[in-house]
Structure formats: C-alpha cells, structure tokens
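Shown below is the structure under consideration.
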Amino acid sequence: MEALSSSFLQAYPLNHTPSSPSPILKLKISSVQIDEKQAKTYHQTTFLPQKKPKHSHNPNTTTPPKPNQISKIFASLDNFITDFIDLPLRPSIDPHHVLSGNFAPVPEHPPTPCPEVKGTLPLALNGTYIRNGPNPQFFPRGPYHMFDGDGMLHAVTVSGGRAIFCSRFVKTYKYSLEKEVGSPVILNVFSAFNGLPASLARCSVTFARFLLRQYDPRRGVGGANTSLALISGKLFALGESDLPYRVEITPDGDIVTIGRHEAFGEPYMTMTAHPKTDAETGEVFAFRHSINAPYLSFFRINAEGIKQPEIPIASLNEASLVHDFAITRNYAVFPDPQIVIKPAEIVRGRAPLRIDAAKVPRLGIVRRCEESGGEMWWADVPGFNMMHAVNAWEEDGGDTVVVVASNVQPVEHVLDRIDLIHSSVERVEINVGDRSVRRRAVAVGNLDFAVINPAYVAKKNRYVYAAIGAPMPKIGGVVKIDLSLSTKDSGDCTVARRIYAPGCYGGEPFFVAREPDNPEAAEDDGYLVTYLHDENSEESKFIVMDAKSPNLDVIAAVKLPGRVPYGFHGIFVPRNTNS
C-alpha cells in the first residue's frame, strides 16, 4: 500500500507542514468525544506468547506533543473507525496478540556499557553488530501486523573485549512526522484493510490528510524496519516500502540517522531490503518492484556508491511480492511467487497482497550487465515460493545456475499465520540451455533466515547457517549445513546444531570471519553472532558462537541492559568502516 499511495498521489504537489493546518479547512472544535463501543470478540490463539512482559508497552519516554486541531480531528476519526467500523480483529492483526511477550515494543536505549560478559569476546569482533526490526513508537489501538512497526536498530559495539549496547529508532520521515503529530498518520499495508467499510474509511482519511497537507508521500512512507546493508562503505537501514535511510555508528556506540538516501531513486520510489554485494568488485545490485508496469526494475550501484541506469523487466506481467533475489558472477536471479499484489482488492475490503493458488511459481534470470529487460527468461519451478535467497553461483562452465534459498510452505499462511509456515532450505539447479529445473531440500526442519560467509556471495560456497523456527518468527536454534553433501541422492546435510535452552529464543545469525582479509582462511573460520532472549527471566543477551565447532559452541555471552524484541535481519560493521 505504501507504493500504491505513492503512485496515487504523485500528481499532487504539496509541502509538509504538520504544525500549521492548511487554510483549506478552518474548524473550531472545543472537544471531540466518541463513546466506546462494546468490546469486540477477539479470536483466541496461542501462536504468540501471552505472558505479559514487565516492560511497558508504550515505547515513548517523553510526553507526546500537543496535537493541533486538525490532528485531533484525524485522531478521532481513526478511533471511530477502530471502535465502530472495523471487523473483529484476526490474531495476525490484533496488537494484543502480535505485540505480546518479547514482541512488545521497547523505548530507545542510549549507549550503555555491558559489564557482565561470560566467556571471552574474540578480538576479531572489533566493530558493531546491529540488527533491525519493527517496533511501533505508539502502541496501536486498531489493527496492527508485525510487519508494520517503525524500524528500530539494536546495536552491540565491541572493542577490546568490552561491549556497549544501544537501541535507536530509524528516524524516517514516517517516524518523525508521527512523533510530531502525536499519533499514527501513514496507512499500514498489512493491517489497514479490515473489511470494506473500514478500508474505505481509512483510505478517505488518508486522502484527506494528504489534501490538508498533514503529510507529503513524496518524502517516503516506509519504516525502514527490515534489514541493514553496507553500500560503498556507508551503512543503510532498509525496508522495501521506501528508499534506504543512511545511518551512522558514533565512536561511543550511538546510532544516528542521517536521512533518506534519494540518490538511489526518486520521490515515490522504493528499493529492496536485500541488496547483494559482490565482494570482489565492490558492486552492489538491487531492485525495486511496483504496482505499475514495469513491475520490476533491476539496477547496479558501482563501487563508488553511484547508482547506474535501471533495467526494466518487461517480461514480468503482474505485480508480485519479490522480497529477495540472488546474484552469480554473470546473472541475477529473481523469484515470481504466488504472492501477488492486486490493489483492486482494496475495494473489496481486503489487503492488496493476495495468494494466487493457480499461479505456477518461477525463477527469472537476467545478465548482470544487461541494458534492457528483453533478455530475461523464466523457468517454472512448481511448489517453490522463494522468500529469502541464501546464495547462487554458476557450474558446468556457466551452463548451470545453482540457487540456494528458503521455500515457504504452505504459502497461504505467509501473511496471516506465520506460525504455521514450514520453511525449507532448498538447492535449485537451472539448466541455462534447456531451462529445465531440478530441486531438492538440503536439510531437515523448519529453517529460514539463512546466512553464509559474506565473502562468498555470488560464488560457490560450502556452508550455510540457518535459523530453526520454533515456530517462526521465534527462533529456537541454529544449524550448519554442508552444501558439498547435497548430491543428487543426498538427505539431510546438517553437520552441526545449536539448540537454545528452554524458554530462550534468538534471531537470524550473522557470520563474522575471524580473518576477513586472509584469502587463505577457511570458509567457516569465524563466528556466528545473534541476540538471544530468555522469556523466563525476560533478559536479553548478545551471544557469540564458534562457527567451526561441531556443536556451534557459545564462546561468549553479553548480558544486555535493555530488552531486544524479536526482529529481522542484521549485519556486522567493522570498526574501521566509514559507516
């Protein structure tokens, strides 16, 4: 919907002036009161923890600003829609379910030393592990999906065996605007369309906000809540509903938002949250998808950080949710899954993201150096809905493209019941000549958020480290997969496993090489880092695992002074990086 809103409104020029209402409408209101409707019947579920955290659900640590009259009117309309028009909330959009337990939001946490360290932090960890995830700045009164929250970055800066912890919101335009107004403003794509009357009402309020210049969609509508990337030595927070936001890590471990990086696009444009960096060339490859043709555009950012001309993919004939992709030495590989984007669904009171069960998933291949979209070709891969790419490379002299990725099953639960998804890591081999496909699972279990040694992106790699769903999106452990064992008749290629203690759940692991500048170092010579939360004690830790050990041994654990909610993707930023 963020992309839909941008496309719909781009014909109207405006400036953002949230503090002073537009002269188009002058109303004098002494009070606005709406009686509470009787309590709605909420569906009960146990797929998220129901234990109340000791921490406050309201992440604001300062008094919200006093809203002006226009803001009060819109806030009252939002409350009216929630109390009188919304359908009963499904578990996936009921904030009291979605934001329970360690999914509950937290306030910002300034840089704070972590005195309690068990084990020894390796000297190779000289830098910052920083992870992104959704964290709403206001606890929602109405529908809320876990993908809707504001981006919050949780960082542990390590130097000389000592650690400093910090949590900061990404100061996006959305975050800053809503903080100034004192309540949510921008429509959330995953939860706003809860029945036709509520959908039409929320769209009308959004359009009125635009007309009255309460917000300017040209400045971005996303929360930058999904991932992070280093591009030409600079650090960015990303979410695919907007352009990247530049952030910096200060010497004392704080996180500062520099601003929206419009050099990677134009007003109303977006960019993937999963760009790929070729370690050998320094080039970064990225894409954006749209609800309008061309539905997919592919582009390159050179080693100096300068975006190159875009390649429109003309052979994609409808809008699909293309969340991730992969690159090889010569190709880029894109999924076309059964998750489609149909804005017309809004007039039926449903979210524009739908599942097309009759569609056959496929993979598209285009040359990295292509200058037009005409050369992309597609291979049908029935039953393969790729969500996250792990890696890709070429074999047989370039005649075979190998893709390792997660496949979500059943795809019908991707948006509404993530806890019912079983995600498998699979190896897909595509014959470039006859476009035939062969695929097989490389491990047993519910696995996703898989990572590799970053130096092996676009090259044949051996080891994959995948998170174990317990169920998703909670992570109960990590497995190490040896792809050299994934022959035609192979079974489970898992060679190491770390299961967390009862009541403890982590997130996506990230691989940090012990000697990143040593070309002779073994691929798995390094460490896996992640956050771990103990739901019994409600304490969060930063843990370091030995990636080479048979049991992925935990060699260091840092007790954090603040709680880290479950989130999405992270990165390790070396201290000498100009982030």
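For the range 188-213, what are the residues that are out of contact with any His (no Cβ under 8 Å at 6 or more places or on another chain), within 18 Å of ASP83 (Cβ to Cβ) and part of a loop (DSSP other than H, G, I, E, B)?
ALA192, PHE193, ASN194, GLY195
Continuing with the same structure: Take the residues in the range 470-503 that are within 21 Å of THR328 (Cβ to Cβ) and either hydroxyl-bearing (Ser, Thr, Tyr) or in contact with a His (Cβ under 9 Å, 6 or more places away or on another chain) (or both); name whichever of them is surrounded by the fewest Cβ atoms within 10 Å (Cβ to Cβ).
Among those residues, the one meeting the criterion is THR487.
Let me ask something additional. In the range 536-552, what residues are acidic (Asp, Glu) and without any contact (Cβ under 8 Å) to a residue 40 or more places away in the chain?
Answer for the range 536-552, where residues must be acidic (Asp, Glu) and without any contact (Cβ under 8 Å) to a residue 40 or more places away in the chain: GLU539, ASP546.
So which residues in the range 508-544 are assigned to a loop (DSSP other than H, G, I, E, B) and open to solvent by 30 Å² or more (accessible area, probe 1.4 Å), if there are any at all?
ARG514, GLU515, PRO516, ASP517, ASN518, PRO519, GLU520, ALA522, GLU535, ASN536, SER537, listed by residue number.
If you go through the range 75-107, how many residues are surrounded by 18 or more Cβ atoms within 10 Å (Cβ to Cβ), touching a Ser or Thr at 6+ places or on another chain (Cβ under 8 Å) and farther than 22 Å from LYS474 by Cα?
Number of matching residues: 2.
Give me the pairs, please: first residue somewhere in the range 323-349 and open to solvent by 10 Å² or more (accessible area, probe 1.4 Å), second residue anywhere and among the aromatic types (Phe, Trp, Tyr) and outside any loop (DSSP other than H, G, I, E, B), beta-carbon distance under 9 Å, and either six or more positions apart or on two chains.
ARG329/TRP393; PRO343/PHE8
Given the criteria in contact with a Ser or Thr (Cβ under 6 Å, 6 or more places away or on another chain), at pLDDT 95 or above and closer than 19 Å to LEU235 by Cβ, does PHE542 qualify?
no
Let me ask another. Name the one entry in ASP416, ASP399, ASP356 that is of a type outside the set (A, V, I, L, M, F, W, C), surrounded by fewer than 20 Cβ atoms within 10 Å (Cβ to Cβ) and under 21 Å from VAL98 (Cβ atoms). Even if it seems obvious, please write down each step before you answer.
On the way: ASP399 fails: under 21 Å from VAL98 (Cβ atoms); ASP356 fails: under 21 Å from VAL98 (Cβ atoms).
Result of the check over ASP416, ASP399, ASP356: ASP416.
Before we move on, is PHE285 hydrophobic (A, V, I, L, M, F, W, C) and touching a Lys or Arg at 6+ places or on another chain (Cβ under 6 Å)?
yes
Let me ask something else about it. Which residue pairs have Cβ atoms closer than 9 Å, lie 6 or more positions apart in sequence or on different chains, and pair a first residue in the range 457-469 that is open to solvent by 30 Å² or more (accessible area, probe 1.4 Å) and of a type in the set (D, E, K, R) with a second residue that is part of a loop (DSSP other than H, G, I, E, B) and at pLDDT below 95?
LYS459/ALA279; LYS459/GLU280
Of all residues in the range 359-391, count the ones that are touching a helix residue (DSSP H, G or I) at 6+ places or on another chain (Cβ under 7 Å) and open to solvent by 20 Å² or more (accessible area, probe 1.4 Å). Give the steps one after another, and end with the answer.
Residues of the range 359-391 that are touching a helix residue (DSSP H, G or I) at 6+ places or on another chain (Cβ under 7 Å), as a first pass: 366-367, 385, 391.
If we keep only those that are open to solvent by 20 Å² or more (accessible area, probe 1.4 Å) too, we end up with 367.
Residues flagged as touching a helix residue (DSSP H, G or I) at 6+ places or on another chain (Cβ under 7 Å) and open to solvent by 20 Å² or more (accessible area, probe 1.4 Å) within the range 359-391 amount to 1.
Here's a follow-up. Name the residues in the range 470-489 that are assigned to a loop (DSSP other than H, G, I, E, B) and in contact with a strand residue (DSSP E or B) (Cβ under 6 Å, 6 or more places away or on another chain), would you? Talk me through it step by step, then tell me what you get.
Filtering the range 470-489 for residues assigned to a loop (DSSP other than H, G, I, E, B) gives 470-474, 486-489.
Within the range 470-489, ALA470, LYS474, SER486 meet the criteria.
Continuing with the same structure: TYR505 is checked against (1) over 30 Å from ASP416 (Cα atoms); (2) assigned to a strand (DSSP E or B); (3) of a type in the set (Ser, Thr, Tyr) and fails just one. What number does that condition carry?
Only one criterion in (1) over 30 Å from ASP416 (Cα atoms); (2) assigned to a strand (DSSP E or B); (3) of a type in the set (Ser, Thr, Tyr) is unmet by TYR505, namely (1).
With respect to the numbered conditions (1) among the hydroxyl-bearing types (Ser, Thr, Tyr); (2) in contact with a Lys or Arg (Cβ under 9 Å, 6 or more places away or on another chain); (3) open to solvent by 10 Å² or more (accessible area, probe 1.4 Å), which one is the sole condition not fulfilled by THR272?
THR272 satisfies all of (1) among the hydroxyl-bearing types (Ser, Thr, Tyr); (2) in contact with a Lys or Arg (Cβ under 9 Å, 6 or more places away or on another chain); (3) open to solvent by 10 Å² or more (accessible area, probe 1.4 Å) except (3).
Find the strands (runs of 3 or more DSSP E) located wholly in the range 227-342 whose residues include 1 or more that are more than 29 Å from ASN461 (Cα to Cα), and list them.
Here the list reads 245-249, 255-260, 339-341.
Here's a follow-up. Which numbered condition trips up LYS179, out of (1) closer than 30 Å to PRO111 by Cβ; (2) surrounded by 20 or more Cβ atoms within 10 Å (Cβ to Cβ); (3) not polar (S, T, N, Q)?
Result: LYS179 passes all but (2).
Exactly one condition in (1) surrounded by fewer than 22 Cβ atoms within 10 Å (Cβ to Cβ); (2) over 24 Å from GLY503 (Cβ atoms) is false for GLY119; which is it?
Just one mismatch for GLY119, condition (2).
PRO244 fails exactly one of the following numbered conditions: (1) at pLDDT below 95; (2) open to solvent by less than 30 Å² (accessible area, probe 1.4 Å). What is the number of that condition?
Just one mismatch for PRO244, condition (1).
The values are calculated or read from the model by the stated rules, or taken from the named source; none is laboratory data. All figures in this text were calculated on a predicted structure; none of them were measured in a lab. Positions of Cβ are generated from backbone atoms using ideal geometry, with glycine treated the same way; all protein chains shown enter the neighbour counts. Ligands, DNA and RNA are excluded from the accessible area calculation, which covers all protein heavy atoms including side chains. Shrake-Rupley method; radii C 1.70, N 1.55, O 1.52, S 1.80 Å.
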